[in-house]
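First comes the structure, then the notes that go with it.
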Amino acid sequence: MAAPIIRTSRQRRAIEALVKYGKLSSRDLGKLAGVLNPPELMAALNRNGWKWTCCLIEVLDRDGRVCRPGMYSLLPESLEIARNMVEADGHG
């Protein structure tokens with residue numbers, strides 16, 4: 001199996017944010033990575049060999065309605081690779 005790769009600065013920012021924070025909501029991931037469509041960013045990372053999960057959590061929005069945002073995190077095998085990459089680049 002080939003090592004996962006990063007093709008864009010947006011992907012790099014997403015990987016760095018996931019290493020730093022562990023789990024991120026779609027909204028927070030979008031802000032930190034600089035994208036408006038975090039699910040597409042994560043799909044691209046998946047195509048590049050990164051393994052991650054998205055768990056839906058239940059929260060109330062400001063109007064008291066239930067919503068289910070996704071919380072993204074890297075799976076252990078990708079997290080270890082990502083940590084090594086971030087440390088090697090001096091960003092960790």
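Any residue at all in segment 71-85 that's of a type in the set (Gly, Ala, Ser) and either modelled with pLDDT under 95 or open to solvent by 90 Å² or more (accessible area, probe 1.4 Å) (or both)? Looking through segment 71-85, none of the residues is of a type in the set (Gly, Ala, Ser) and either modelled with pLDDT under 95 or open to solvent by 90 Å² or more (accessible area, probe 1.4 Å) (or both).
Of all the listed residues (Leu75, Leu56, Leu41), the sole one being touching a Lys or Arg at 6+ places or on another chain (Cβ under 9 Å), more than 18 Å from Pro4 (Cβ to Cβ) and not polar (S, T, N, Q) is Leu56.
Scan segment 55-78 and give yes if some residue there is under 14 Å from the mean Cα position of the chain (by Cα), assigned to a helix (DSSP H, G or I) and among the hydroxyl-bearing types (Ser, Thr, Tyr), otherwise no. The answer is yes, given that some residue of segment 55-78 is under 14 Å from the mean Cα position of the chain (by Cα), assigned to a helix (DSSP H, G or I) and among the hydroxyl-bearing types (Ser, Thr, Tyr). Out of segment 21-53, which residues are surrounded by fewer than 17 Cβ atoms within 10 Å (Cβ to Cβ), free of Cβ contacts under 8 Å to residues at least 40 places away in the same chain and not aliphatic (A, V, I, L, M)? Hits for segment 21-53 are Tyr21, Asp28, Lys31, Gly34, Asn37, Pro39, Glu40, Asn46, Arg47, Thr53. Please work out if Ala17 is under 14 Å from the mean Cα position of the chain (by Cα), surrounded by 15 or more Cβ atoms within 10 Å (Cβ to Cβ) and under 22 Å from Gly90 (Cβ atoms). The answer is yes for Ala17. Pairing residues of segment 1-19 that are farther than 16 Å from Leu36 by Cα with residues that are among the hydroxyl-bearing types (Ser, Thr, Tyr) and open to solvent by 80 Å² or more (accessible area, probe 1.4 Å), at Cβ distances under 6 Å and at least 6 apart in sequence or on separate chains, gives no pairs at all. Residues in segment 1-28 that are part of a loop (DSSP other than H, G, I, E, B) and farther than 14 Å from Ala43 by Cβ: Met1, Ala2, Ala3, Ile5, Ile6, Gly22, Lys23.
The values are calculated or read from the model by the stated rules, or taken from the named source; none is laboratory data. Model, not experiment: these values are computed from the prediction. Cβ coordinates were reconstructed from backbone atoms using ideal geometry, including for glycine residues, and neighbour counts include every protein chain displayed. These area figures cover heavy atoms from the full protein model, side chains too; ligands, DNA and RNA do not enter into them. Shrake-Rupley method; radii C 1.70, N 1.55, O 1.52, S 1.80 Å.
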